[in-house]
1. Which condition from (1) in contact with a strand residue (DSSP E or B) (Cβ under 9 Å, 6 or more places away or on another chain); (2) surrounded by fewer than 18 Cβ atoms within 10 Å (Cβ to Cβ) is the one that residue 64 breaks?
2. Which of (1) touching a strand residue (DSSP E or B) at 6+ places or on another chain (Cβ under 6 Å); (2) closer than 17 Å to residue 143 by Cβ; (3) of a type outside the set (Asp, Glu) does residue 45 not meet, given it meets every other one?
3. If I ask for residues that are in a helix (DSSP H, G or I), at pLDDT 50 or above and farther than 15 Å from residue 119 by Cα, which ones from the range 11-42 would you list?
4. Yes or no: the range 89-108 includes at least one residue that is within 13 Å of the chain's Cα centre (by Cα), of a type in the set (Gly, Ala, Ser) and under 21 Å from residue 30 (Cβ atoms).
5. Filter the range 114-146 for residues that are at pLDDT below 95 and part of a helix (DSSP H, G or I); which is nearest to residue 100 (Cα to Cα)?
6. Return the residues of the range 81-105 that are touching a Ser or Thr at 6+ places or on another chain (Cβ under 8 Å), outside any strand (DSSP E or B) and surrounded by 13 or more Cβ atoms within 10 Å (Cβ to Cβ); say none if nothing qualifies.
7. If you check 149, 78, which single one turns out to be closer than 22 Å to residue 40 by Cβ, assigned to a loop (DSSP other than H, G, I, E, B) and touching a strand residue (DSSP E or B) at 6+ places or on another chain (Cβ under 6 Å)?
8. In this structure, is residue 3 modelled with pLDDT under 95 and in contact with a strand residue (DSSP E or B) (Cβ under 9 Å, 6 or more places away or on another chain)?
Amino acid sequence: MPALPRVGTRLVPAAVLLLALSGCASAVDVDPAGDAANARCADVMIALPPTVAENDQRETTSQATSAWGDPSKVVLRCGVTVPGPTTDPCVTVNDVDWVVREGDPAWTATTYGRDPAVEVLFDPDEVASSTVLVELGDAVSRIGQTRACVGLSDATPVPSGG
């Protein structure tokens, strides 16, 4: 068997070290959603982008979850409870409706009209909500939309009793 060239033998330890270091990042501890085993979540998970808001995707500890950034800047869970009618703001980004709840510091955006629902947590001071929702839109749209957000002016008035 021919001997490895001298340059190649120097690169082998460096390659082994690089592989070892890439495996050192710990997985992000994310609680699974109640319906995480739903097959439609698998469709979402395989379509997720490798980067969101310029943050690389990381391994997580639970099914149907993902995270981006170190430390995590964006966390996604598929299979959360489908939101019902709400007075929380609902925004449409690239044909995906999201119910947005402002928190301190994390905001929560949950898909509306899709079952199962997908929840995304992020800090708007760290990443722009418009960027996050645009970049995750293609993946979450793998779950079909059955209802759409409506404003109060679009809602059907309920007749008063009498």
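The values are calculated or read from the model by the stated rules, or taken from the named source; none is laboratory data. As the structure is a computational prediction, the values presented were derived from the model and not from experiment. All Cβ positions, glycine included, derive from the backbone under ideal geometry; neighbour counts span all protein chains shown.
1. All conditions are met except number (2).
2. Of everything listed in (1) touching a strand residue (DSSP E or B) at 6+ places or on another chain (Cβ under 6 Å); (2) closer than 17 Å to residue 143 by Cβ; (3) of a type outside the set (Asp, Glu), residue 45 misses just condition (1).
3. Filtering the range 11-42 down to residues in a helix (DSSP H, G or I) leaves 11-22, 39-42.
So of that shortlist, the ones also at pLDDT 50 or above come out as 39-42.
Correct list: 39 only.
4. Initially, the range 89-108 is screened for residues within 13 Å of the chain's Cα centre (by Cα), giving 98, 107-108.
Okay, now just the ones that are also of a type in the set (Gly, Ala, Ser), so none.
Among the residues of the range 89-108, not one is within 13 Å of the chain's Cα centre (by Cα), of a type in the set (Gly, Ala, Ser) and under 21 Å from residue 30 (Cβ atoms), which makes the answer no.
5. Selected residue: 129.
6. 83
7. Working: 78 fails: assigned to a loop (DSSP other than H, G, I, E, B).
Sole residue among the options that is closer than 22 Å to residue 40 by Cβ, assigned to a loop (DSSP other than H, G, I, E, B) and touching a strand residue (DSSP E or B) at 6+ places or on another chain (Cβ under 6 Å): 149.
8. No: the conditions fail for residue 3.
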